[in-house]
Amino acid sequence: MSPAQQLLTVPQVMARLQLSRSAVYDLLRTGQLASITLGRARRIPTHALTDFIRTRLEQEAA
């Protein structure tokens, strides 16, 4: 997979997590979900989404 295919848009993350736009931006703003900025666009690396989900699962299990 090329590096560009490993970056998700906010709407893609919204669909994968089934969250609202504001909820995803809250996760980005609080640093719970890592992102990069390209120009004015926010992109979320797929590994950051995977890490976020793994962390949340570990918190739920604890």
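Might you report the magnitude of the Cβ-based charge dipole of region 3-61 about its Cα centre, with Lys and Arg at +1 and Asp and Glu at -1, to the nearest 20 debye?
Using Cβ point charges on Lys, Arg, Asp and Glu, region 3-61 gives about 280 debye.
Amide H of L33: which non-local residues (sequence gap of 5 or more, or other chain) have their own amide H closer than 5 Å, using H built in the peptide plane?
Sorted by chain and number, the residues that satisfy this are L28.
Quick one: compute the contact order of the chain, relative version, from alpha carbon pairs under 8 angstrom and 6+ residues apart, as a percent.
Taking the mean separation of contacting Cα pairs over the length of the chain, I get 33 percent.
Can you give me the angle between helix 46-61 and the longest principal axis of the chain, using Cα atoms only, in degrees from 0 to 90, rounded to the nearest 10?
The two axes meet at around 10 degrees.
Excluding F52 itself, what net charge comes from residues whose Cβ is under 12 Å from its Cβ, given Lys and Arg +1 and Asp and Glu -1? All intermediate terms of the calculation are to be shown ahead of the outcome.
On the way: positive: R16, R54, R56; negative: D51, E58.
In short, +1.
What does the charge add up to near A62, with Lys and Arg as +1, Asp and Glu as -1, over the other residues with Cβ less than 15 Å from its Cβ?
It works out to a net charge of 0.
How large a share of the accessible area of the chain, in percent, is made up of carbon and sulfur atoms when the probe is 1.4 Å and the other protein chains stay in place?
Working: 2350 of 4460 Å².
The nonpolar share, carbon plus sulfur, comes to 53 percent.
How big is the chain by the Kirkwood estimate over distinct Cα pairs, in Å?
Roughly 12.0 Å, rounded to one decimal.
Just add up the charged neighbours of L8: K/R +1, D/E -1, any other residue whose Cβ is under 12 Å from the Cβ of L8.
+3
Amide H neighbours of L8 under 5 Å, counting only residues 5+ apart in sequence or on other chains, H built in-plane at 1.01 Å?
HN-HN under 5 Å from L8: I44, T46.
Before I look further, what does the chain give for accessible area per residue, probe 1.4 Å, in whole square angstrom?
That works out to 72 Å² per residue.
Once fully extended, how much extra length lies between H47 and V10, figured as 0.36 nm per residue of separation less the alpha-carbon to alpha-carbon distance?
Fully extending the segment from H47 to V10 adds 11.9 nm.
The values are calculated or read from the model by the stated rules, or taken from the named source; none is laboratory data. Bear in mind the structure is a predicted one, so any value in this text is a computation, not a measurement. Note that each Cβ is placed from the backbone with ideal geometry, even for glycine, and that neighbours are counted across all protein chains shown. Side chains included, ligands, DNA and RNA excluded: accessible areas come from the protein's heavy atoms. Shrake-Rupley method; radii C 1.70, N 1.55, O 1.52, S 1.80 Å.
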